[in-house]
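J.: One structure coming up, written as structure tokens, with questions to follow.
The values are calculated or read from the model by the stated rules, or taken from the named source; none is laboratory data. Bear in mind the structure is a predicted one, so any value in this text is a computation, not a measurement. Quick reminder, even Gly has a Cβ in these numbers, built from the backbone with ideal geometry, and neighbours come from all protein chains shown. Quick note on the areas: whole protein, heavy atoms, side chains included, nothing else; ligands and nucleic acids left out. Shrake-Rupley method; radii C 1.70, N 1.55, O 1.52, S 1.80 Å.
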Amino acid sequence: MARFVRPAGFVWVPLLFLLVAGACRPAQAPTPTPTPPPTPTAPAQPAPTPIAPTPTPVLTLPGLGAPTPTPAPQATPVGADIVPYAQVYSANPPKRFTEAEVRRGGTFVTDFSGDPPHFDPDLTTSYFMLGAVGPVYSRLLRPVWGAMANPYAPEIVPDLAERWEASSDGLTYTFSLRKDVTWQETPYYDFPEVEGKPFTCDDARFSLERDAKNATAFLVASVETITCLDAYTLRVTLKRRDPGFLPNLASSYAYIIPKALVEKVGDLRQVALGTGPFLLKEYKPKTSITYERNPKYFVTGVPYLDTYRIVIIPEESTQVAAFRAGQIHYTGTNLPSVVRDILRTHPKTVVHRFHIPAASFHIAFRLDKAPWNNADVRRAISMAINREEMNRLVYGGEGQTYNIGVPWPSAFDTLPPPEAFGPYYKYNPQGAKDLLAKAGFGAGLTADYVYYAYGDDRIQQSEMIQQYLAQIGVKISVQRLDYGVWTQQYLGQQWKDLALGFTVPAGGMALGYDWTYELMKCKASKNTWFICDPELDALLEKTVTETDPLKLKQVYRQIWEREVNQVYRAYIAQEVRYSLWHPWVRNTQGWTGYRFDQFTYGGSHVATVWLDDPAKYR
Amino acid sequence: MTAYIVRRLLIGVLTAFLVALFAFGVVRIVPGDALMLQIAETSPRLTPADLARIRAEMGLDKPFVPQFLSWLGGVFRGDLGNSLWTGRPVLKEIARTLPLTLELAVLGLVVATLISLPIGILSAVKRNTLLDYALRFVAILGLSIPEFALAIVAILVLSLTVHWIPPTDYRSLVEDPLTNLQQMLLPALIVGFAMSAVSMRMTRSAMLEVLREDYIRTARAKGLPDRLVIMRHALKNAFIPVITIIGLQARRFMGATVIIETIFALPGLGRLTLDALLNRDFVQLQGNLLVIALLVVLVNLVVDLSYGWLNPRIRYG
Amino acid sequence: MRWGVTAGADYRPAPTLAWRWKRLVALARRNPAGAVSLGMILFIALVAILAPWLAPHDPSALGVGPRLSKPSLTYPFGTDNLGRDLLSRIIAGTRTALIVSSASVSLGVLVGTALGLVSGWFRGLVDDALQRLIDSLMAIPPLVLAMALVAVLGPGLWKLLLALAIFLLPAAARTVRGAVLSAREEVYVEAARAIGAPTLRILLRHILPNVTAPIIIVVTVHIGAVIISEAALSFVGLGIQPPMVSWGQMLSLARPFMESAPWLVAFPTGAIALTVLAFNFLGDALRDIWDPRLRGST
């Protein structure tokens, strides 16, 4: 089910035909023809699509054929190779399967491009750290992953907490914890005071209290008290209503760690021992991280795998080669041309194409300083950016043209069309010049622009932004910063004029609240941009108090409109993420969106992955 | 002889001290450091007061000289501090990564010698012929193509043609010699190819020089076949410059490893250095620079001493 | 041409233009590889100088052609993923390569020569101190040092030039010092000292001309090294930054497309390889010509 970019019906009907025709098409001989230039209408025009998951593949990736449709449910499936919120391209139609079909055992290998700095889940929010400790730990709650998970409205289910209830004022939460959970017993450590001992409320309380003192403090920012009513009942009271509280506890930042271990070794930088599906067997720095099945995992029947291994490969072209050579089972990219290269030699590769519900990358302004405090100047900058061309040139027309930092599902029922972004997101250099003149900068403007090269695409986008702005008389001097200086300047709010900013959601999920309240409220903890707008603040307060989902949606709609009208951040075209899998790797849907939907950062969804017999897929 | 060695050792120590000072200084002229990086990742909104407190805790607020002296004191105790990024002891990280890089060095050197020695000798003997140019072209080509281009193209071609690339999950020579050699062969070929140009050039000019020596002329005049003359007399003397380049190439090689190890996902000293550099982990970086410099100094010392062994006419003054 | 290591031995009465030409032709005949590489370098220099007029398109202009189009008559080297004309970018890159290498090499030679002259002339404590400094500089791999400097100072053209100049500095200083040490014992230098000529004058008038030849050899070899090193720096993101174009940067950004658009890798690699080869062959040829020990060998 894909709901992002949808050509009109007259397009997808022939596509379905193509799909049928293409399904049994033999592997094409390598034909290195260049991508034909997309026609001007190619940047996909989103059209209304219902949010409820209906199995309608709607988009083609040129050269890939149409995505594979989701099969109809069969009797008692335990899972399916279906990713309803992404497009799936596969020569092997995704299947549902029953427990009996699952092939157990084997070693599942994925790649990482860097090392975790350490293994302590509270001391940093580093992506690599979260990925590395994910298989080892559990959380109190977790979002649903798997075939029916909706990344835009995550449904929260029990993990270590069996059930929970909230008081009617939303200020007290009581969690009943599982009584059958023990800390992992591993041959790789010798901590008799922890291993095999039962997990109790003390550990949960300790974990949340430790969060408050460390990098993960944002998880419990609204918490007032944490108490254990008994060994298996945890009570948390809040200072204020917080719609982000439960999603935060369910995010992969909120791992529950063993109190006795921390008390013994000080911090968890060099050890990982939790209640999760896998035991950390070996970490070889700059080489690999190996995990072994936890036979006493509290969810019965899983993990299916014997071994899970992350191989650390810094160079992307080596990752692709290692995938081809079968050394790794998964790799990711944001370049459709790389996907096509791989499909040419490995036509049976399963591809998940995943949109990001809220955009990250944008031109950030110093809103506290002239001329950037003038909305017309910001609008002019935004109108000078040709987002369609940027998408076409940088992402071959297959990225996302329009998107802003407010997750659209919180404000719209369907993917908003370009018109929803208002006049200032439309490419209009003349209009931009007029607005600049109106603001008193008809003669032009000079500015500094800093960025960090998160990928090659950022380098090229920066180069394009420089050219676009030159067209309306805004001369920017582009400076690439290295990561240390960048984080200091950007997150430390010290950049001079413009920056290629990115949005870091406050919590772990793609929820409206996570992307707005702590980010856009005047002087809020993650408001990097100096946004300070009383009208916006009033709306943001409403998102906390409003309980009627329909009215809440209207509030978010107003926030959306305020953002695109004021252009507090000028969002640019950005990538779509692709996950690639060897076809015999089954039940991988929990991974998709893995880079952007942070609730899948952790990786305990590895528990349900299984490896089929490769011979069946040749 | 002993006096010479002692003097060379003293100079080596002095050099290493200067390198340490230099490494320590370079990484401290920066506005941002690993501390900043980690803080930015954890809690981006620390106040200047918080920063000052953390700096004080880490001793980073002290003036340059006391900081340097306390680090140097640690060096003599065999303690290079702990990495700012991973918190692990710097020396341990180096000890873990060094064997790989040394192995790569030895293999690369073997490859370089295998390429450069025959080419150098042939092109000297056949000086200014078409063969000379062709051979030199090949050798210098190794110097002229960026190693990373060569490496990524090699990996791509392998993955497309034989569906195999060197295993990315590194195994040491002790753990699993067979896998290890599979992993090291291609990087060694590329590094060796790149290093062979300089070796070839040295061999060639050394051979040219030797071929003009009186005893060679005499041998030739005696009617000895050319091949025998070259094998018996010329080659032995030509070895001296070949040894010299090992010293010269040591530092160039260390530069090459940074990129080659990154592309081939090898956990060596070069990649450790690059990561430290990009993460602004200056404690790790200055430790690496010191160890690399000491190695280069040591290699050159050994090379100098081996001259005497190869050619007794050389006296140490 | 007074290139000999000992000026006295190679001295000839005021060389005429015709004599110089004849000498050049003779040299070229004796060393065709050197002649070819010199011609190649002149061609590269010409391309660099005439770059704005030679390039068919603005090297940074987006969407000049369709993206990733194969080499064709309209786009002889094809286009890159932003639809920019690759030929124009290679030409612009030629200019960058020569500017960067000549600027950094000049800087390195200038400082290195000064250090070498001082070191070789004064000897004693100054020499010892400078030698230890150069020793320590030589003990750190130049590429690692350049990476560390650029990483520390931040990307930027001047910082890059500074970092690349370090490549050459120790070699230049060593070479000059050696030449000074031997030249200083020459009779004409002794004579100049005896009549009380100022040190600076002796250094510049009598010693410097003697070190020109070895310096030029060092320079030719290092220009290649600088171009290669810029590419290596680009690989880790520390090289020349857009909108300035460099071969190394093009190569580095072409990595994801090397399979679908191999020309994006082939042309920058070719440009780098040809240029570095030409400078290396020229260096070898000059060494053959100037090194008296090799003169006259078969």
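J.: So which residues in region A:223-250 are among the small types (Gly, Ala, Ser), assigned to a loop (DSSP other than H, G, I, E, B) and either assigned by TED's automatic domain parsing to the domain that holds A:Thr516 or surrounded by 19 or more Cβ atoms within 10 Å (Cβ to Cβ) (or both)?
T.: Of everything in region A:223-250, just one residue is among the small types (Gly, Ala, Ser), assigned to a loop (DSSP other than H, G, I, E, B) and either assigned by TED's automatic domain parsing to the domain that holds A:Thr516 or surrounded by 19 or more Cβ atoms within 10 Å (Cβ to Cβ) (or both), namely A:Gly244.
J.: Further, regarding this structure: Name the single residue, out of those in region A:95-127 being out of contact with any strand residue (DSSP E or B) (no Cβ under 6 Å at 6 or more places or on another chain) and not in a loop (DSSP other than H, G, I, E, B), that is nearest to the other protein chains (Cβ to nearest Cβ).
T.: This residue is A:Tyr127.
J.: Then there's this: For a quick check of your reading: which strands (runs of 3 or more DSSP E) sit entirely within region A:415-531 and have at least 1 residues that are free of Cβ contacts under 8 Å to residues at least 40 places away in the same chain, touching a helix residue (DSSP H, G or I) at 6+ places or on another chain (Cβ under 8 Å) and of a type in the set (Lys, Arg)?
T.: Hits in region A:415-531: A:474-481.
J.: Name the residue, out of A:Pro187, A:Pro158, that is open to solvent by 20 Å² or more (accessible area, probe 1.4 Å), assigned by TED's automatic domain parsing to the domain that holds A:Asp122 and over 23 Å from A:His605 (Cβ atoms).
T.: Exactly one residue qualifies, and that residue is A:Pro187.
J.: Can you confirm whether region B:220-233 contains a residue that is of a type in the set (Asp, Glu), in a helix (DSSP H, G or I) and modelled with pLDDT of 70 or more?
T.: Checked region B:220-233: no residue is of a type in the set (Asp, Glu), in a helix (DSSP H, G or I) and modelled with pLDDT of 70 or more.
J.: Which of the following residues is in the same structural domain as A:Thr110 (by TED's automatic domain parsing), touching a residue at least 24 places away in the same chain (Cβ under 8 Å) and either among the β-branched types (Val, Ile, Thr) or not in a loop (DSSP other than H, G, I, E, B) (or both): A:Tyr283, A:Tyr297, A:Tyr304?
T.: One residue alone meets the criteria, A:Tyr283.
J.: Sort out which residues of region B:258-303 are within 23 Å of B:Val75 (Cβ to Cβ) and of a type in the set (S, T, N, Q), and write them in order of number.
T.: B:Thr273, B:Asn279, B:Gln284, B:Gln286, B:Asn288, B:Asn300, listed by residue number.
J.: If we keep just the residues of region A:365-396 that are part of a loop (DSSP other than H, G, I, E, B), more than 21 Å from A:Pro505 (Cα to Cα) and open to solvent by 20 Å² or more (accessible area, probe 1.4 Å), which is nearest to the other protein chains (Cβ to nearest Cβ)?
T.: The selected residue is A:Asn386.
J.: In addition: Take the residues in region B:116-134 that are without any contact (Cβ under 8 Å) to a residue 40 or more places away in the chain and of a type outside the set (Ser, Thr, Tyr); name whichever of them is most open to solvent (accessible area, probe 1.4 Å).
T.: Ranking the qualifying residues of region B:116-134, first place goes to B:Leu130.
J.: In the list A:Thr290, A:Thr318, which residue meets the criterion of being free of Cβ contacts under 8 Å to residues at least 24 places away in the same chain, within 14 Å of chain B (Cβ to nearest Cβ), hydroxyl-bearing (Ser, Thr, Tyr) and assigned to a strand (DSSP E or B)?
T.: Checking each option against the conditions leaves just A:Thr290.
J.: Output the residue which, of all residues in region B:254-289 that are open to solvent by 10 Å² or more (accessible area, probe 1.4 Å) and more than 8 Å from every other protein chain (Cβ to nearest Cβ), is farthest from B:Lys92 (Cα to Cα).
T.: Among those residues, the one meeting the criterion is B:Phe282.
J.: For the structure I just gave you, tell me whether C:Arg95 is of a type outside the set (A, V, I, L, M, F, W, C), within 30 Å of C:Pro170 (Cα to Cα) and in a helix (DSSP H, G or I).
T.: Yes, satisfied.
J.: State whether the residues of region C:110-133 include one that is at pLDDT 90 or above, open to solvent by 20 Å² or more (accessible area, probe 1.4 Å) and touching a strand residue (DSSP E or B) at 6+ places or on another chain (Cβ under 7 Å).
T.: No, the conditions are met nowhere in region C:110-133.
J.: Another question, then. So, of the residues in region A:266-280 that are open to solvent by less than 20 Å² (accessible area, probe 1.4 Å) and assigned to a loop (DSSP other than H, G, I, E, B), which turns out to be farthest from the other protein chains (Cβ to nearest Cβ)?
T.: Selected residue: A:Thr275.
J.: So C:Thr74 ticks every box in (1) open to solvent by 10 Å² or more (accessible area, probe 1.4 Å); (2) away from chain B (no Cβ under 14 Å); (3) within 30 Å of B:Val13 (Cβ to Cβ) but one. Which box is left unticked?
T.: Among (1) open to solvent by 10 Å² or more (accessible area, probe 1.4 Å); (2) away from chain B (no Cβ under 14 Å); (3) within 30 Å of B:Val13 (Cβ to Cβ), the lone unmet condition for C:Thr74 is (3).
J.: Which one of these does B:Ser159 not meet: (1) open to solvent by less than 20 Å² (accessible area, probe 1.4 Å); (2) within 13 Å of chain C (Cβ to nearest Cβ); (3) outside any helix (DSSP H, G or I)?
T.: (3)
J.: Quick one: how many residues across region C:221-249 are more than 11 Å from chain B (Cβ to nearest Cβ), assigned to a helix (DSSP H, G or I) and either open to solvent by 10 Å² or more (accessible area, probe 1.4 Å) or polar (S, T, N, Q) (or both)?
T.: Adding up the residues that qualify gives 3.
J.: Open to solvent by less than 10 Å² (accessible area, probe 1.4 Å), touching a helix residue (DSSP H, G or I) at 6+ places or on another chain (Cβ under 9 Å) and among the β-branched types (Val, Ile, Thr): is that true of C:Ile202 in this structure?
T.: When the stated conditions are applied, C:Ile202 passes them.
J.: Which fully enclosed helices (runs of 4 or more DSSP H) of region B:28-127 have 1 or more residues being modelled with pLDDT of 85 or more and of a type in the set (S, T, N, Q)?
T.: Once the helices (runs of 4 or more DSSP H) in region B:28-127 are filtered for at least 1 residues that are modelled with pLDDT of 85 or more and of a type in the set (S, T, N, Q), what remains is B:90-125.
J.: Just name the residue that is least open to solvent (accessible area, probe 1.4 Å) out of those in region B:162-207 that are within 12 Å of chain A (Cβ to nearest Cβ), more than 20 Å from the chain's Cα centre (by Cα) and polar (S, T, N, Q).
T.: B:Thr168
J.: Taking helices (runs of 4 or more DSSP H) that fall entirely within region C:140-220, which contain at least 1 residues that are under 19 Å from B:Arg252 (Cα atoms) and either within 13 Å of chain B (Cβ to nearest Cβ) or touching a Cys at 6+ places or on another chain (Cβ under 9 Å) (or both)?
T.: Result: C:142-153, C:157-183.
J.: Checking the structure you have, find out if any residue of region C:177-190 is of a type in the set (Asp, Glu), over 20 Å from C:Leu107 (Cα atoms) and in contact (Cβ under 8 Å) with a residue 24 or more places away in the chain.
T.: Checking region C:177-190: at least one residue is of a type in the set (Asp, Glu), over 20 Å from C:Leu107 (Cα atoms) and in contact (Cβ under 8 Å) with a residue 24 or more places away in the chain.
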